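**Q** Questions regarding the structure given below will be posed in turn.
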Amino acid sequence: MDLQKSPAQASPRPVASTELRASDADRDRIADLLRDALAEGRLTPEEHAERVEGVLAAKTVGELDVFVRDLPAAHGDTRRATTAYASVPSSAVPNRPSPGAIPVDPDDRLVAVFSASVRKGRWRTGRRIHAFAIFGSVEIDLSEALFEHRQVMIRAYAVFGSVEIRVPENVSLRGSGGGVLGDFAVDMLDSTEPDAPVVYVDGLAVLGSIEARPKRGKVIADLFDRVTDRVARKVDDSLRKHLER
């Protein structure tokens with residue numbers, strides 16, 4: 001029996017850092033880098049969505065690194081990403097809607113009493129949405145909705161129930177409300193697009209919860225089309241004025 005080889009044979013093979021299992025924090029870090037790249041115009045909405053899907057399915061750190069290998073932020077260059085967000089201060093979007101922009105009566109009403117009410121998919125949002133969850137749950141998913149208005153107000157009430165709101169990553173999100181032995185939580189969000197809609201969430205949670213936050217990997221793709229159309233119109237106007245001289 002060769003006792004000199006036994007310890008070496010028993011020792012496990014060192015695991016490379018790229019082979020380590022990825023954690024939720026690792027996936028969130030990569031998703032944040034991809035979101036910055038989308039805001040800077042380095043990725044198209046389709047590329048961003050495809051990569052985010054891959055990030056969610058990745059199992060190792062090495063698989064995650066593949067999705068940001070061609071981005072400057074992955075190599076320590078965070079100056080551009082920081083500048084992109086610094087150019088849009090949080091004060092650029094007011095915490096309350098403009099006077100007269102939101103009607104008094106709701107365009108949409110979702111009610112759940114000892115039940116569940118869901119609005120998601122491809123639907124047209126009104127300017128005001130009311131949600132009531134009483135011993136029930138309401139889900140409002142705006143990630144694929146058609147925004148026909150610049151400002152949207154969601155007024156939510158949760159009594160022994162829950163109201164969950166999800167928005168695309170490239171809109172602005174504001175919230176003002178509270179809870180009585182309940183939880184009212186809104187993840188503030190500032191869009192880098194000047195034409196992006198603003199979603200305001202207001203309400204009260206009584207022994208319940210109201211939550212609003214962006215949905216990872218979901219953006220309003222036609223925002224980029226709006227910017228392109230606006231630039232094209234300006235060029236056409238300038239050309240027409242030049243020809244009329």
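**Q** Which order do you get for Leu204, Leu43 if you rank them by accessible area with a 1.4 Å probe, largest at the top?
**A** Leu204, Leu43
**Q** With a point put 7 Å past each Cα toward its Cβ, work out how far Met188 is from Lys215 in nm, to one decimal.
**A** Distance between the two pseudo-spin positions: 2.5 nm.
**Q** Quickly work out the Asp70-to-Phe114 label distance, labels modelled 7 Å from Cα along the C-beta direction, and quote it in nm with one decimal.
**A** 5.7
**Q** If Asp32, Asp105, Asp141 are ordered by their accessible area, calculated over protein heavy atoms with a 1.4 Å probe, which sequence runs from highest to lowest?
**A** The residues order as Asp105, Asp32, Asp141, largest area first.
**Q** Could you tell me the accessible area of Glu211 in Å² (1.4 Å probe, neighbours in place), rounded to the nearest ten?
**A** 70
**Q** If you rank His149, His48, His130 by how much accessible surface each has, with a 1.4 Å probe, what is the order from largest down?
**A** Result, largest first: His149, His130, His48.
**Q** Averaging over every viewing direction, what projected area does the convex hull of the Cα atoms of the stretch 136-196 cover, in nm²?
**A** With every direction weighted equally, the projected area is 4.5 nm².
**Q** Sticking with this structure for a sec: So if R0 is 25 Å, what FRET efficiency would Lys59 and Asp195 give, r being the distance between their Cβ atoms, rounded to the nearest 0.05?
**A** Values: r = 38 Å, r/R0 = 1.54.
Working from the Cβ atoms, E equals 0.05.
**Q** Please list, ordered by chain and number, the residues whose modelled amide H lies under 5 Å from the amide H of Val111; skip anything fewer than 5 residues away on the same chain.
**A** Phe132
**Q** On average, how much accessible surface per residue is there in the stretch 135-226, in Å², for a 1.4 Å probe, leaving out ligands, DNA and RNA?
**A** Here the per-residue accessible area is 37 Å².
The values are calculated or read from the model by the stated rules, or taken from the named source; none is laboratory data. Nothing here was measured: the structure is a model prediction, and the numbers come from that model. All Cβ positions, even for glycine, are placed from backbone atoms using ideal geometry, and neighbour counts span all protein chains on display. Please note that ligands, DNA and RNA were not included when accessible areas were found on the heavy atoms of the full protein model with its side chains. Shrake-Rupley method; radii C 1.70, N 1.55, O 1.52, S 1.80 Å.
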